[in-house]
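The values are calculated or read from the model by the stated rules, or taken from the named source; none is laboratory data. Since the structure is predicted, the reported quantities are computational estimates derived from the model, not experimental observations. Ideal geometry is used to build each Cβ from the backbone, glycine not excepted, and the neighbour counts take in all protein chains shown. Quick note on the areas: whole protein, heavy atoms, side chains included, nothing else; ligands and nucleic acids left out. Shrake-Rupley method; radii C 1.70, N 1.55, O 1.52, S 1.80 Å.
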Amino acid sequence: MSSDSLPPLPQNRIVLGCGQVAVDFLATVASFPNPDDKIRSTSLKVQGGGNAGNASTCAARLGLNPRLISKGILEELEADGVDTSFFIVSEEGNSSFTYVIVDSQTNTRTCIHTPGYPPLIPEELSQSSLLSALDGVNMVYFDGRHHETALVVAKEAARKNIPILVEAEREREGLDDLLDFATYAICSAKFPQAWTEAPSVPSALISMLLRLPKLKFVVVTLGEEGCIMLERSVNGGSDAEEMDVHCLLESLKLIKDDSKTIPTCISSVETKLSANGIGTITGRLFVGTAEKIPPSELVDTTGAGDAFIGAVLYGMPPEKMLPFAAQVAATGCRALGARTVLPLRTDPRLASFL
């Protein structure tokens, strides 16, 4: 891959997150209740949550040095080694919280979220705090929350040429403005098509790279189906062969090894990728697989996407990044709660990826 697709991993890699921190109230149930039912939970946990909080916790456990700009609960984050010195603490109001119902029958979770109040606003982050937060940072990550403050941080990060990773979970107020600054984007399964109105995921990825000229790659996570990534060619690749992106994706899926239980990654050569009615991008297409978690070990997928992002912050090339992130995400699905079993860098399950 090109040397500038991701910044190199320095010995003391510092990442800055800006986004949501919350409290999760998690209840496991035998099956999701019908309207007007009264049921009992089979297990209960109260734990720190929020996309940026979870991703930063994951990054800290993997040996990175994460800082976080947010409002909310500090204690768990500090215990994991997240730098919370840039948090804003309100004397009044409430923290964000989420009720999470984990359905053991379908291995799904339903989230009911209540935003914190008052929200984080740009006036609460002084220029000196912003500059201190960005000092020495290798990458900035936004989960799409606190969009006005996030945009201030993004503009300053861009001015300092710091790579920016934006999570696109769903369409949110201000997300389009953040995406204009994005160096990298990681999307939920539904977002690319919803945002671009393209007829398929592969064509939507091409559309995103065409609409966002600063974007070097975009990843769409697909749960147990793994992920797809489209990386833009740095040099243009004028001599590359042109191929329909759907045909290329299907050809990559045919050669992936479904017998392996650990995550893997396969990629195309540099190619002119076309999507009918949308356009052409020169780059490489990647297909990443997910770990095949035994049903007896799969407990809760809450925060799996956050763990994936936490691992991406590590700064690996795509061939290593996608399997590593998938393994980290899968490891976190083996207990109730987004952070309960997030792995440490020394976890033997990660040894082959590091």
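Can you name the condition, by its number, that residue 351 falls short on among (1) free of Cβ contacts under 8 Å to residues at least 12 places away in the same chain; (2) not in a helix (DSSP H, G or I)?
(2)
Can you spot a residue in the range 147-156 that is among the basic types (Lys, Arg), farther than 23 Å from residue 12 by Cβ and more than 18 Å from the chain's Cα centre (by Cα)?
First, pick out the residues of the range 147-156 that are among the basic types (Lys, Arg): 155.
Remaining after also requiring farther than 23 Å from residue 12 by Cβ: 155.
Subsequent filtering for residues that are more than 18 Å from the chain's Cα centre (by Cα) retains 155.
Yes, the conditions are met somewhere in the range 147-156.
Among the residues of the range 15-39, what is the count of those that are in a strand (DSSP E or B) and either within 30 Å of residue 157 (Cα to Cα) or of a type outside the set (Ser, Thr, Tyr) (or both)? Don't jump to the end; show me each part of the working.
From the range 15-39, those in a strand (DSSP E or B) are 15-18, 22-29; that's our starting set.
Pick out the ones that are also either within 30 Å of residue 157 (Cα to Cα) or of a type outside the set (Ser, Thr, Tyr) (or both) and you get 15-18, 22-27, 29.
Number of matching residues: 11.
Only one residue in 155, 71 is at pLDDT 95 or above and closer than 29 Å to residue 215 by Cβ, so which one is that? Steps first, please.
On the way: 71 fails: at pLDDT 95 or above.
After ruling out the rest, the residue left standing is 155.
Condition first: touching a helix residue (DSSP H, G or I) at 6+ places or on another chain (Cβ under 7 Å) and either more than 26 Å from residue 148 (Cα to Cα) or at pLDDT below 95 (or both). Now tell me which residues in the range 181-203 satisfy that.
Within the range 181-203, 198, 200, 201, 202, 203 meet the criteria.
Can you name the number of the only condition in (1) assigned to a helix (DSSP H, G or I); (2) farther than 29 Å from residue 30 by Cα; (3) among the small types (Gly, Ala, Ser) that residue 315 fails?
All conditions are met except number (1).
Give the number of residues within the range 338-354 that are buried (at least 23 other Cβ atoms within 10 Å of the Cβ) and of a type outside the set (A, V, I, L, M). Walk me through how you get there before you give the answer.
Start the filter on the range 338-354 by keeping residues that are buried (at least 23 other Cβ atoms within 10 Å of the Cβ), which leaves 338-339, 342.
Going one step further and asking which of them are of a type outside the set (A, V, I, L, M), we end up with 339.
Count: 1.
Within the range 143-158, does at least one residue satisfy the condition of being hydroxyl-bearing (Ser, Thr, Tyr) and in contact with a Pro (Cβ under 8 Å, 6 or more places away or on another chain)? It would help to see each step written out before you state the result.
Step one: filter the range 143-158 for residues hydroxyl-bearing (Ser, Thr, Tyr), giving 149.
This time we only want the ones that are in contact with a Pro (Cβ under 8 Å, 6 or more places away or on another chain), so: 149.
Within the range 143-158, one or more residues are hydroxyl-bearing (Ser, Thr, Tyr) and in contact with a Pro (Cβ under 8 Å, 6 or more places away or on another chain).
Out of all the residues in the range 175-189, which are open to solvent by 20 Å² or more (accessible area, probe 1.4 Å) and closer than 17 Å to residue 51 by Cα?
Across the range 175-189, the qualifying residues are 188, 189.
Taking the options 287, 218, name whichever one is free of Cβ contacts under 8 Å to residues at least 40 places away in the same chain, at negative phi, touching a Leu at 6+ places or on another chain (Cβ under 6 Å) and hydrophobic (A, V, I, L, M, F, W, C).
On the way: 287 fails: free of Cβ contacts under 8 Å to residues at least 40 places away in the same chain.
The unique qualifying residue is 218.
Among residues belonging to the range 191-204 that are over 17 Å from residue 269 (Cα atoms) and of a type outside the set (A, V, I, L, M, F, W, C), point out the one that is surrounded by the most Cβ atoms within 10 Å (Cβ to Cβ).
That would be 192.
When residues of the range 318-348 are filtered for being part of a loop (DSSP other than H, G, I, E, B) and more than 21 Å from residue 142 (Cβ to Cβ), how many remain?
Going through the range 318-348 one residue at a time, the tally reaches 10.
With the requirement that a residue be under 17 Å from residue 66 (Cβ atoms), among the aliphatic types (A, V, I, L, M) and over 21 Å from the mean Cα position of the chain (by Cα), what does the range 126-146 give you?
Matches in the range 126-146: 130 only.
Inspect all residues belonging to the range 176-185 and state whether any of them is over 21 Å from residue 18 (Cα atoms) and touching a strand residue (DSSP E or B) at 6+ places or on another chain (Cβ under 6 Å).
Applying the first criterion (over 21 Å from residue 18 (Cα atoms)) to the range 176-185 yields none.
Looking for residues that are over 21 Å from residue 18 (Cα atoms) and touching a strand residue (DSSP E or B) at 6+ places or on another chain (Cβ under 6 Å), one finds none in the range 176-185, hence no.
Which residue pairs have Cβ atoms closer than 7 Å, lie 6 or more positions apart in sequence or on different chains, and pair a first residue in the range 326-341 that is free of Cβ contacts under 8 Å to residues at least 12 places away in the same chain with a second residue that is in a loop (DSSP other than H, G, I, E, B) and surrounded by fewer than 24 Cβ atoms within 10 Å (Cβ to Cβ)?
Partner pairs satisfying both residue conditions: 341/335.
If I ask for residues that are hydrophobic (A, V, I, L, M, F, W, C) and part of a strand (DSSP E or B), which ones from the range 182-204 would you list? Steps first, please.
Narrowing the range 182-204 to residues hydrophobic (A, V, I, L, M, F, W, C): 182, 185-187, 189, 191, 194-195, 198, 201, 204.
The answer is 185, 186, 187.
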